[in-house]
Each structure stands twice: as C-alpha cells, then as structure tokens.
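The values are calculated or read from the model by the stated rules, or taken from the named source; none is laboratory data. Just so we're clear, the structure is a prediction, and the values are computed from it rather than from any experiment. Cβ placement follows ideal geometry from the backbone for every residue including glycine, while neighbour counts extend to all protein chains displayed.
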Amino acid sequence: MGKIKSKLFAAQFDAACTPKADALCPLCERPIPDGHLDKHHLIPRVKGGKETEALHTACHRQIHAVLSNRELETRYNTVEALLTQPDILKFVTWIKTKPNDFLPAFTPKHH
Ligand SMILES: [Zn+2]
Ligand SMILES: [Zn+2]
C-alpha cells in the first residue's frame, strides 16, 4: 500500500542524537509538528527509566493505551520491540495515512 521510506529514515535517525526542531517520530517515521511532541520513557520513569524518545502525542497515547508500565519495562523497552506489538503496529500503519498533526480522539480505559 504505502511507500516504504524506512531506509531514508534510518540514516536521518542515526545522525539525530541531539534534539532538533524537525524531530522524526521513531514509531511512525513522520516529522513531529510543534505542539505534537511527547517524550516517552522507554523504561517507565516510575521504574527508574531515564532514556526518552520524542514521539507524536498520538503515537505516545497509543503506546500507553495498549501496554502497561510492567509490559513496557520488561518487554517493550525499545522502539523496535514496540513495533512488534500488533495493536501498535496496526495503529502506526494507519496513522501514516493521516496528516502529521492528526490527533485521534481517544477514550482512555485506564490510566
Ligand atoms: Zn510514555
Ligand atoms: Zn508518530
């Protein structure tokens, strides 16, 4: 369906160790517009995690809608692992078809 741009993205991401204005979301590989940048702790802060990734607010919400802090800490503590989670992968595939600043309406079940 969509065009694959992950190779280009990977090259850009390697060079982007320091925060930049035009950050790319490592989950959906799209630029993050102003006001849509969330910091996600790969290992939850309450578990002592310090490393963060800049994600779209929408992508970040999806992670926490699908996974508990325990699952994040023990299994999904890298972007690669997050992308193996079927509900997250389905969301990412879908959100790539939307505008970069698209923010779906969420109805949080638990938090
Ligand atoms: Zn988070
Ligand atoms: Zn994203």
Q: Check residue 72 against each of (1) of a type in the set (A, V, I, L, M, F, W, C); (2) in a helix (DSSP H, G or I); (3) near ligand 2 (Cβ under 10 Å from one of its atoms) and name the one condition it does not meet.
A: (3)
Q. For segment 53-73, which residues satisfy the criterion of being touching a helix residue (DSSP H, G or I) at 6+ places or on another chain (Cβ under 9 Å) and of a type outside the set (A, V, I, L, M, F, W, C)?
A. 53, 56, 62, 64, 69, 70, 73
Q) For segment 21-56, which residues satisfy the criterion of being surrounded by 15 or more Cβ atoms within 10 Å (Cβ to Cβ), within 12 Å of ligand 1 (Cβ to nearest atom) and of a type in the set (Val, Ile, Thr)? A) 43
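Which of the residues belonging to segment 84-96 are assigned to a loop (DSSP other than H, G, I, E, B) and either within 11 Å of ligand 2 (Cβ to nearest atom) or modelled with pLDDT under 95 (or both)? So that I can check it myself, show each step before the final result.
Of all residues in segment 84-96, those assigned to a loop (DSSP other than H, G, I, E, B) come to 84-85, 96.
Matches in segment 84-96: 96 only.
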Q | Qualifying positions in segment 60-76 - touching a residue at least 24 places away in the same chain (Cβ under 8 Å), touching a Lys or Arg at 6+ places or on another chain (Cβ under 9 Å) and surrounded by fewer than 18 Cβ atoms within 10 Å (Cβ to Cβ) | A | 65, 69
Q) Quick one: in segment 41-69, which of the residues that are charged (D, E, K, R) and outside any helix (DSSP H, G or I) is nearest to ligand 2 (Cβ to nearest atom)? A) 53
